[in-house]
Every structure is written in structure tokens, then in C-alpha cells.
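**Q** Right, I'll just put the structure down here and ask away after.
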Amino acid sequence: MTDALRPMAKQQRLYEQVLDRLRDYVTEGGLRAGDRLPPERDLAARLGVSRASVKQAIVVLEVQGLVEARHGGGTYLVRDTLDVEPVERMVERRRRLPDVLEAREALETKLAELAAERRTEDDLTAMRSALAHMAGEIGQGAHGVEGDRRFHAAVTAAAHSSILAEFMGSIADQIAESRTESLRQPHRPNRSLAQHQAILDAIEAGQPRQAAAAMRRHVRTVAKVRLLSWDPTENR
């Protein structure tokens, strides 16, 4: 029996090999959040690769919220480890994210408008509780993902529209992806919390147009993520 059709070995992209080395470097060196990585020029020389490959690896780490590249100031760890998500998963998420964000803007803007018209005191209590939970998460150094989820769920419930709620439920997993992607952007959690408060203020005041506008601004902020500017085809 010939094995001519045996599976072909997968050729790893050069920048993915750089990612592997950087992960080992951080682990073996005992680096922690706030520590600085060597300059790109030094990394390229020590690894024997081009600076372009190192730069692409750093971009992947930025996209995943694992490092922060400061203009003229170097690259710093945001987490204690570089547990990098597989590039293929990132590519797939990048492909579907624009459609998810488009759907979120259409659905959630209307939900905020309806919530301002139909909310009950219990609905407002749920939204306030969600924001308090998110603030607590952020205060402890987390991204506020669960509080964010609770707030948007409370707005959806306050709209009292079973069909729109069903639509939201049908894309819940994709929404969760976009939420995580947004909240791991540098300085995003506190900005998101403030935008949530503006949405709540308009809903509480019974102002549908203002609530819709505040939600639209928020979702458009969510859409500003590093992932969408990343080109996975560079330095393959």
C-alpha cells in the first residue's frame, strides 16, 4: 500500500515560531505583567529572523491583549504569560467579526430605544446591578466581561420584545467573542463602563432617541479593535 497520499507536514509561519520563542523566553525568564520585552532589533538578531517577522509576532500579541506596544517606549507585558491563541482561530474570528458588529449595532440600538420606552423599575435595578458588577471586576484588574454581558442582557430584557431577544440569543456566542475582543483593548474597560452608564442614564430618563444614540456610539467603539487592522497574510 503506497503512502503517497499521507498527510503533508504543516509549515509553520515564521512569526508563529517567533511567538513560540517569546512565550518560552517569558516563562523561563520569570517575566511578569509590566516587564519590558527586548527591542525588536535585538529580538531579530538573537532569533536570526527579520524585524518584519518579529513585528508581526508583536502585533499578534497586541491583538490578543497580551502586550502593549508604546510608541517610542518599547513593548510591555500586560499578562504574566504569553499563552497565545492559535492564529487560525484568530483569522476565523477576524473574518466574521464585521458581520457580528453590524448585527449588534442594528439590534442593540433598537433594543436601547425600546428599553427607554418600556423599562420597569426591576429592569433599571438589573442594569444598575450589572454596572456595579462590572465596576467591581475592573477594580480587581479584570476586563469586566461578565458585568458587560449582564448589562446588555438587562437592556435586552428591558425592551420587552421577545423576537428581538430571540435574535440576540441566536448570536450570543458571536457577541461574546466581540465583547472579549473589545474589552481586552488597552484602556477599554473603563471607557466601556462609562458608555454603559450613558446608556442607562438615557433609558432611566425615558429618552428613546438618546438611548439609541448612546448605544450606537458604544457599539461603534466596540468595533474599534486591533484585530480588524491585523493582516494575517504578512510574513507567512
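So that you can scan it fast, the table gives a plain yes or no per residue for (1) closer than 23 Å to Glu85 by Cα; (2) open to solvent by 80 Å² or more (accessible area, probe 1.4 Å); (3) of a type in the set (S, T, N, Q):
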position: Glu166; (1), (2), (3): no, yes, no
position: Ser182; (1), (2), (3): yes, no, yes
position: Pro189; (1), (2), (3): yes, no, no
position: Gln195; (1), (2), (3): no, no, yes
position: Ala211; (1), (2), (3): no, no, no
position: Ala214; (1), (2), (3): no, no, no
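**Q** Now for a different question. Taking Asp83, is it closer than 30 Å to Leu164 by Cβ and among the acidic types (Asp, Glu)?
**A** When the stated conditions are applied, Asp83 does not pass them.
**Q** Could you tell me whether segment 117-133 includes any residue that is in a helix (DSSP H, G or I), at pLDDT 95 or above and in contact with a Lys or Arg (Cβ under 7 Å, 6 or more places away or on another chain)?
**A** Checking segment 117-133: at least one residue is in a helix (DSSP H, G or I), at pLDDT 95 or above and in contact with a Lys or Arg (Cβ under 7 Å, 6 or more places away or on another chain).
**Q** Next question, about the same structure. Across segment 1-29, what is the number of residues that are assigned to a loop (DSSP other than H, G, I, E, B) and either hydroxyl-bearing (Ser, Thr, Tyr) or modelled with pLDDT of 90 or more (or both)?
**A** Total meeting the criteria: 1.
**Q** In segment 120-164, which residues are among the β-branched types (Val, Ile, Thr), more than 20 Å from Pro208 (Cα to Cα) and either touching a Cys at 6+ places or on another chain (Cβ under 7 Å) or open to solvent by 40 Å² or more (accessible area, probe 1.4 Å) (or both)?
**A** Val145, the sole residue that qualifies.
**Q** So, one more: Look at segment 139-164 and say how many of its residues are in a helix (DSSP H, G or I), over 22 Å from Thr221 (Cα atoms) and either at pLDDT below 95 or out of contact with any Leu (no Cβ under 8 Å at 6 or more places or on another chain) (or both).
**A** Residues flagged as in a helix (DSSP H, G or I), over 22 Å from Thr221 (Cα atoms) and either at pLDDT below 95 or out of contact with any Leu (no Cβ under 8 Å at 6 or more places or on another chain) (or both) within segment 139-164 amount to 3.
**Q** Within segment 165-201, can you find the residues that are outside any helix (DSSP H, G or I) and β-branched (Val, Ile, Thr)? Walk me through how you get there before you give the answer.
**A** So in segment 165-201, the residues outside any helix (DSSP H, G or I) come out as 171, 184-187.
Of everything in segment 165-201, just one residue is outside any helix (DSSP H, G or I) and β-branched (Val, Ile, Thr), namely Ile171.
**Q** Here's something else I'd like to know. Return the residue satisfying two criteria in turn: it lies in segment 38-79 and is at pLDDT below 85 and open to solvent by less than 30 Å² (accessible area, probe 1.4 Å), and of such residues it is nearest to Asp24 (Cα to Cα).
**A** Initial filter on segment 38-79 (at pLDDT below 85): 65, 69-73, 79.
Checking the rest, the ones that are also open to solvent by less than 30 Å² (accessible area, probe 1.4 Å) come to 65, 73.
Numbers: Gly65: 18, Gly73: 23 Å.
That would be Gly65.
**Q** So, one more: Does segment 80-119 hold any residues that are more than 30 Å from Leu22 (Cα to Cα), free of Cβ contacts under 8 Å to residues at least 60 places away in the same chain and either hydrophobic (A, V, I, L, M, F, W, C) or open to solvent by less than 60 Å² (accessible area, probe 1.4 Å) (or both), and which are they?
**A** Of everything in segment 80-119, just one residue is more than 30 Å from Leu22 (Cα to Cα), free of Cβ contacts under 8 Å to residues at least 60 places away in the same chain and either hydrophobic (A, V, I, L, M, F, W, C) or open to solvent by less than 60 Å² (accessible area, probe 1.4 Å) (or both), namely Ala106.
**Q** Are any of the residues in segment 192-211 among the acidic types (Asp, Glu), touching a helix residue (DSSP H, G or I) at 6+ places or on another chain (Cβ under 8 Å) and under 30 Å from Leu19 (Cα atoms)?
**A** Among the residues of segment 192-211, not one is among the acidic types (Asp, Glu), touching a helix residue (DSSP H, G or I) at 6+ places or on another chain (Cβ under 8 Å) and under 30 Å from Leu19 (Cα atoms), which makes the answer no.
The values are calculated or read from the model by the stated rules, or taken from the named source; none is laboratory data. This is a predicted model, so every value here is computed, not measured. Cβ sites come from the backbone with ideal geometry, for glycine too, and all protein chains shown count toward neighbours. Calculation scope for accessible area: heavy atoms of the full protein, side chains included, ligands and nucleic acids excluded. Shrake-Rupley method; radii C 1.70, N 1.55, O 1.52, S 1.80 Å.
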